[in-house]
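One structure is given below, encoded as structure tokens.
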Amino acid sequence: KPLDSSDIGPDIWVKIASIVKDNYDNYDGFVVLHGTDTMAYTASALSFILRNLSKPVILTGSQLPIGILRTDGKENIITAIDIAAAKEKGKAIVPEVCIYFENKLFRGNRTTKINSENFRAFQSANYPPLAEVGIEIKYNHEAISSPEANLPLEFFSIFDNHIAILKLFPGMNRAFIDSIIGIS
């Protein structure tokens, strides 16, 4: 059943990861179609739930719905499948959780949505793209993580959602800090 991406959180992240885990031995890679609003959160979560990956898990979607003539979804899906199936010397080229969007493949836990009105919706400000796509797919092998040899896939599914973000700035009121820290 399709879900709005704004409704996706820890329970769905564990379901997606469980599907990958349960089918891990049956496929060379996985493509997850996902709405763009929370795609970066899902990719990051999956990268921590699924440890010791030796196969790609590629999240992709589109800015324009798939039924619209100018949709970016068709190219994103086709290329995500190509990357998920790509191998060299019998091993997956990109054995990690990634986001593929608008000709770039990013590490899942380094990606942020930056734009809702442009096809270039995602970026990885502090880490280079793992691949750039034009006529050919050019992989950045130095940036791609390789799994430790022969370690089995590990699955972590417990999340603590008692988390808050506290952005510090000069002159911040101590009572404000205490109120955030005191939330239980």
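The values are calculated or read from the model by the stated rules, or taken from the named source; none is laboratory data. Predicted model, so just to flag it, every value in this text is computed and none were measured. Methodologically, a virtual Cβ is constructed for each residue, glycine included, from the backbone with ideal geometry; neighbour enumeration extends over all protein chains shown. Surface accessibility is based on the protein's heavy atoms, side chains included, excluding ligands, DNA and RNA. Shrake-Rupley method; radii C 1.70, N 1.55, O 1.52, S 1.80 Å.
Descriptive notes on the structure:
- Positive minus negative residues near LEU64 (Lys, Arg vs Asp, Glu; Cβ under 13 Å): -2
- Think of a 1.4 Å ball rolled over the protein heavy atoms: the chain then has 63 Å² of accessible area per residue.
- Apportionment of accessible area to carbon and sulfur, the range 41-117, percent (1.4 Å): 53
- Under 13 Å, Cβ to Cβ, from LYS74 - net charge with Lys/Arg +1 and Asp/Glu -1: -3
- The alpha-carbon atoms of the range 38-91, seen along their principal axes, cover 38, 28, 10 angstrom, with the largest extent given first.
- Here is the list for the range 8-81: trypsin sites (Lys or Arg not before Pro) lying in DSSP coil, each with at most 16 other C-beta atoms within 10 angstrom of its C-beta, are ARG70.
- Rg and Dmax over the alpha-carbon atoms of the chain stand at 18.0, 59 Å.
- Cα long-axis angle, helix 10-22 against the chain (0 to 90 degrees, to the nearest 10): 30
- Cα gyration tensor category, rounded, prolate or oblate, for the range 1-91 with a/c compared to 1.5: oblate
- The range 92-184: translational diffusion in µm²/s, Stokes-Einstein, Kirkwood Rh over Cα pairs, 25 °C, 0.890 mPa s: 145
- Set LYS21/LYS74; LYS74/LYS104; LYS1/LYS21; LYS104/LYS167; LYS21/LYS167 screened for pairs whose C-alpha atoms are more than 24 Å apart: LYS21/LYS74; LYS104/LYS167; LYS21/LYS167
- Under 19 Å from LYS87, Cα to Cα: aspartates and glutamates that are on another chain or at least 8 residues apart: ASP25, ASP28, GLU96, GLU132, GLU136, GLU142, GLU148
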